[in-house]
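J.: Mind having a look at this structure? Questions to follow.
The values are calculated or read from the model by the stated rules, or taken from the named source; none is laboratory data. What you see is a predicted model, and the numbers here were worked out from it, not measured in a lab. Ideal geometry is used to build each Cβ from the backbone, glycine not excepted, and the neighbour counts take in all protein chains shown.
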Amino acid sequence: MRLRVVSLPALALLASGVAGVLIPTIPLPASAQDEPAVHDLVWDEFAPPAAEDASTEVAAAPAGIDRRVVSVGRGDTLMDLLTGASVPRAEADGAINALSNVYDPRKLQVGQQVTVLFEPRRGGTRRFVGLELTPDVVRSVSVARTGNAGFESAEVKKEVRRELVAAEAEIRSSLFEAGNGAGVPVSVMLAAIRTYSYEVDFQRDLQPGDRFKVLYERFVTADGKVAGEGDVLFASLTVDGEELAIYRHKTRDGRTDYYDRAGESIRRALLLTPIDGARLTSGFGMRMHPILGYSKMHKGLDFGAPAGTPIYAAGNGVVEEIGPHGAYGNYVRIRHNTDITTAYAHMSRFAKGVRRGGRVEQGDVIGYVGSTGRSTGAHLHYEVLKKGQQVNPKAADLPTGEKLAGRELQAFEQTVRATDRAYAEARAGLQIAHTTERKACSGSTTC
């Protein structure tokens, strides 16, 4: 199982009062990752051939070339920028077509800078000869005139190195803001939260004083710029004095999953909470119905979240029903096996591509929070049905993940030892840094 990076539409959890630290990076130990992870393959594509100079930027414009830097505004296209810089439309079109071989100009972001190059001519005129831009920290692209009418594109990619970063924090309000206070990137926190959603009810289980640790990959260019984050290799939640630690491990047959210290997969048949950053507003059981005005059995869980928040399939399965469904409003029901189905109600709309009879995988977006049907406000009503009868999702007896055994368990135990060593080295680095700071502060009135 790979931790997927997802958007953060509704993690309304940011508040003050988080105690956290970011631990210095350490080189990745070879023993911790004997095989290339998926991110190795992704980021290795940015490394140029060995014969090239990785520090080389896009070739500088020759002396005497005028450079005009323009910034992308809201709604701007590259054609708008070039013609606005007095580039003839036909030549701008040729340059854009050439650029498309190495970069999609539709991906320009607001605030991004494009350098337009001109060659001064006699009589005070100028001829458009190319452009340069840096789409991201790991590559630069350019277009140069060839002859009187043609253009060609070029691309230079930088090497990146992989580092390990460890962080820890005390939870005072929520896991997400604890990570945020410790400097952990949003993508890493979302990945960790998604994995722990199999085991932890973030609204009820976590208490002030609980602790969080994480060890993750970071990719950095030769000039020190962060190019992105990779996999979470280790995470630990200490909840009410009990540690819940998970380790990323690749089995001998090539499957990657997260396991606890005993070698049991953290993956469960269903996600405990099929939505990010939501609060539980109503549990399973008898309640006073907010619209009908009398006591009625509530046969699911309600999660309050802003309209438009993505809703995820709780498990692998087949879409059994999708569409308006009476008081449920816009509704999706997924069959996971012969006994278990899950239902999702009051959606504002369905995700593109979700259809009756179609297959979905755990974590796929199937729709978005809304307030359709009999509803007083934006929320997700979530049900788990066993043999057609609604059951309490928090108490249902559902299948658990695989448990490693034999040689596979021995290999996993090696992964645990290597990962624990890596984390311990990072902690040692933090303690050394703190000792140095205290010595530097001795004798001064403020520190």
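J.: On the basis of being surrounded by fewer than 19 Cβ atoms within 10 Å (Cβ to Cβ) and either modelled with pLDDT of 90 or more or in contact with a helix residue (DSSP H, G or I) (Cβ under 9 Å, 6 or more places away or on another chain) (or both), does Q389 make the cut?
T.: Details: surrounded by fewer than 19 Cβ atoms within 10 Å (Cβ to Cβ): yes; either modelled with pLDDT of 90 or more or in contact with a helix residue (DSSP H, G or I) (Cβ under 9 Å, 6 or more places away or on another chain) (or both): no.
When the stated conditions are applied, Q389 does not pass them.
J.: Go over the candidates D302, D240, D260 one by one and state the one that is at pLDDT 90 or above, over 21 Å from the mean Cα position of the chain (by Cα) and not hydrophobic (A, V, I, L, M, F, W, C).
T.: Checking each option against the conditions leaves just D260.
J.: For segment 157-173, which residues satisfy the criterion of being among the small types (G, A, S) and within 18 Å of the chain's Cα centre (by Cα)?
T.: Within segment 157-173, the subset among the small types (G, A, S) is 166-167, 169, 173.
Within segment 157-173, A166, A167 meet the criteria.
J.: Of the residues that sit in segment 342-367 and are surrounded by fewer than 22 Cβ atoms within 10 Å (Cβ to Cβ) and outside any loop (DSSP other than H, G, I, E, B), which one is nearest to the chain's Cα centre (by Cα)? Can you show your working first?
T.: Our first condition is that a residue be surrounded by fewer than 22 Cβ atoms within 10 Å (Cβ to Cβ); within segment 342-367, this holds for 343, 348-359, 361-365.
Applying the additional criterion that residues be outside any loop (DSSP other than H, G, I, E, B) yields 343, 348-350, 359, 365.
Working: A343: 26, S348: 24, R349: 23, F350: 22, R359: 23, V365: 14 Å.
The extreme case among them is V365.
J.: Considering only segment 135-194, how many residues are hydroxyl-bearing (S, T, Y) and assigned by TED's automatic domain parsing to the domain that holds D240?
T.: Residues of segment 135-194 hydroxyl-bearing (S, T, Y): 140, 142, 146, 153, 173-174, 187.
Then keep just the ones that are assigned by TED's automatic domain parsing to the domain that holds D240; that gives 173-174, 187.
Here the count works out to 3.
J.: Another question, if that's okay. Go through the residues of segment 145-153 one by one and say whether even a single one is in contact with a Ser or Thr (Cβ under 8 Å, 6 or more places away or on another chain) and crowded, with 21+ Cβ neighbours inside 10 Å. Outline the logic, then answer.
T.: Initially, segment 145-153 is screened for residues in contact with a Ser or Thr (Cβ under 8 Å, 6 or more places away or on another chain), giving 152-153.
Now restrict to residues that are crowded, with 21+ Cβ neighbours inside 10 Å: none.
No, there is no match, as no residue in segment 145-153 is in contact with a Ser or Thr (Cβ under 8 Å, 6 or more places away or on another chain) and crowded, with 21+ Cβ neighbours inside 10 Å.
J.: Take segment 159-186 and flag every residue that is in contact with a Pro (Cβ under 9 Å, 6 or more places away or on another chain) and crowded, with 21+ Cβ neighbours inside 10 Å.
T.: Answer for segment 159-186, where residues must be in contact with a Pro (Cβ under 9 Å, 6 or more places away or on another chain) and crowded, with 21+ Cβ neighbours inside 10 Å: L164, V165, A166, I171, G179.
J.: Ok, one more. Within segment 153-176, can you find the residues that are more than 14 Å from G209 (Cβ to Cβ) and of a type in the set (S, T, Y)? Write out each step before concluding.
T.: Here is the first cut: in segment 153-176, the residues more than 14 Å from G209 (Cβ to Cβ) are 153-167, 176.
Correct list: S153 only.
J.: Now, a different point. Quick one: which strands (runs of 3 or more DSSP E) lie wholly within segment 64-146 and hold at least 3 residues that are among the β-branched types (V, I, T)?
T.: Hits in segment 64-146: 113-120, 139-146.
J.: Checking D223 against (1) crowded, with 19+ Cβ neighbours inside 10 Å; (2) over 18 Å from L272 (Cα atoms), only one condition comes out false. Which one?
T.: Result: D223 fails condition (1) only.
J.: How many residues are over 24 Å from V160 (Cβ atoms), assigned to a strand (DSSP E or B) and of a type outside the set (D, E) if we restrict to segment 253-269?
T.: Of the residues in that region, 4 qualify.
J.: Under 28 Å from V226 (Cα atoms) and in contact (Cβ under 8 Å) with a residue 60 or more places away in the chain, is that true of S142?
T.: On the way: under 28 Å from V226 (Cα atoms): yes; in contact (Cβ under 8 Å) with a residue 60 or more places away in the chain: yes.
Here the answer is yes, as S142 does meet what is asked.
J.: Inspect segment 82-99 for any residue being at pLDDT below 95, exposed (fewer than 14 other Cβ atoms within 10 Å of the Cβ), in contact with a strand residue (DSSP E or B) (Cβ under 6 Å, 6 or more places away or on another chain) and under 30 Å from E159 (Cβ atoms) and give the result as yes or no.
T.: Within segment 82-99, not a single residue is at pLDDT below 95, exposed (fewer than 14 other Cβ atoms within 10 Å of the Cβ), in contact with a strand residue (DSSP E or B) (Cβ under 6 Å, 6 or more places away or on another chain) and under 30 Å from E159 (Cβ atoms).
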